[in-house]
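None of the figures in this text is laboratory data; all of them are computed from the coordinates on show. Predicted model only: the values in this text are computed from it and were never measured. Neighbour counts run over all protein chains shown; Cβ positions are idealised from the backbone, glycine included.
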Amino acid sequence: MAKPTINVCLIGQKFMGRTHSNAMLKVAKFFDLPLIPVMHTIVGRNKAELDEFRERWGWKNATTDLKGAVNNPEIGLVDVGTPNNVHAEHTIMALEAGKHVSCEKPLAGSLSEARQMRDAARKAKGKTFVWYNYRRVPAVALAYQFARAGKLGRIYHVRAAYLQDWAGPDVPLIWRFQKSVAGSGSHGDLNAHIIDMARFITGDEFTEIVGALAETFIKERPVPESGSKGGIAGGASGSAKMGKSDVDDAMLFLARMKSGAVASFEATRQATGNQNANRIEINGDKGAIRFNFEDMNHLEFYDATLPRKQQGWTNIMVTHGGDHPYVANWWPDAHIIGYEHGFINQLADMMKVLGGKVPEVPLPDFEDAYKTQLVLEAAMQAAEQRRPVKLSELPQ
Ligand code: SOE
């Protein structure tokens, strides 16, 4: 019997447009879902680029008419994969049109826009989701299960760093280096992920940013000649004209959490030698976990309840279908998976939730993602004002 379907309208066809389109193509092949996504309409600004994208990925329709597509009564889910400065406009339009809405991270480029989105979601009938895709890397989901099962015990430390090294001086002034579009640089792009991961794994919340430091190493960049592909894979060529980069290349901060745990965070695009090292270590009184996305199929676990002579880091290959999250839908032991599978796993969970089922691990909605946005904002204020900032000072 044919499964129920939901027509999807995707806004944006650059880097995240590709990861989301790939997830839509694959999800029903690998997961038994209560609801199947249909690639109904791709929305963008450049008709020629859109037609090529529609053809390549198999979208039924392509249009530059954002309003018409979002308000199309055939559409059930609007998926926003555009730069941060239009997340609020696109998602609120869709919520007001009665659609379910998913949005790329971070929720928005600013706290005020994130708050508008959160408030719109509170009033809307549609469900909301945010693509914090690393929650659905099996090793990170396993860390969540370990922490929630008490295997780490009382948490003392969260130590997280998201280190990239792609943003050399030749990289043009794409939207990621423009505060008016991105809201911040590595901070909103990379610290957003590790803040969400820390909150997700521990179940803890932040109370205070004790200190923060933002640095822009490369103050000017070549102005892009061609439309940038938006992603870190470049795709834009720089002109001779130079423009000011007004965002952080690196942001480091120290924080306190509700449980009493202390935390250190670092995001940078100039950590030479670290290409996409999304790293987190959490130390508790019963155990510890360590994860590095550059080795994404492994989770290191330290069991401090063993006799001291037996204690040591275990390097778990998180690919066992019987026990590890999501893996039963993929391949046999040690037939490893990649970056794109986190997005497919996320879409599977979104379809489960829309189909009235329970996701494998919790999915962040706009309410949840707003809490991550509060931490982002508090750290930015702490860096700008060179003082500690309590999250309670911000609009909740
Ligand atoms: C660029 O820093 C980027 O593409 C981020 O925007 C993504 O969220 C991250 O998953 C990979 O790096």
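Over the chain, the reciprocal of the mean inverse Cα-Cα separation, the Kirkwood hydrodynamic radius, stands at 21.6 Å. Segment V358..N61, full-extension length gain: 103.8 nm, with 0.36 nm per residue of separation and the alpha-carbon distance subtracted. Per-peptide packing, taken as the mean over residues of other Cβ atoms within 10 Å, places 373-382, 31-40 in the sequence 373-382, 31-40 from highest down.
The aspartates and glutamates whose alpha-carbon is closer than 13 Å to the alpha-carbon of K3, local same-chain residues fewer than 8 away aside, are D32.
Can you return the aspartates and glutamates within cross-link range of K179? Criterion is Cα-Cα under 15 Å, with same-chain partners fewer than 8 residues away left out. In chain and number order, the partners are E113, D189, E215, E220, D246, D248, D249, E377, E384. If you bin all the Cα-Cα distances of segment 124-230 at 10 Å, starting from zero, the percentages per bin are 11, 34, 29, 20, 6, 0. Structure remark: mean-square fluctuation, Gaussian network model of the chain, C-alpha springs under 10 Å; the largest value among T268, T319, T128 belongs to T319. Length, then width, then depth: along the principal axes, the Cα atoms of segment 291-374 run 48, 36, 25 Å.
Adding -39500 (n - 2.57) for every DSSP H run of four residues or longer, then dividing by how many residues the chain holds, sets the calculated 222 nm ellipticity at -9000 deg cm²/dmol.
Can you list the lysines whose alpha carbon is less than 22 Å from that of K286, not counting same-chain residues fewer than 8 positions off? Those lysines meeting the cut-off are K151, K258, K309.
Summarising the label geometry, the points placed 7 Å from Cα in the beta-carbon direction at S239 and E89 lie 2.2 nm from one another. Applying the Karplus relation 6.51 cos²θ - 1.76 cosθ + 1.60 with θ = phi - 60° to segment 242-247 yields 3J(HN,Hα) values of 10, x, 7, 8, 10, 10 Hz, where x marks Gly and Pro. Of all DSSP bridge pairs formed entirely within the chain, close to 60 percent run antiparallel. The amide H of A62, built 1.01 Å from its N in the peptide plane, has I42 as neighbours under 5 Å, considering only residues 5 or more places off or on other chains. Show me, bin by bin at 5 Å from 0, the whole-percent P(r) of segment 5-133 based on Cα pairs. With 5 Å bins starting at 0, P(r) equals 2, 12, 23, 25, 21, 13, 5, 1. Under a Gaussian network description of the chain, with springs only between Cα atoms under 10 Å, the residue in N133, N46, N84 that fluctuates furthest is N46.
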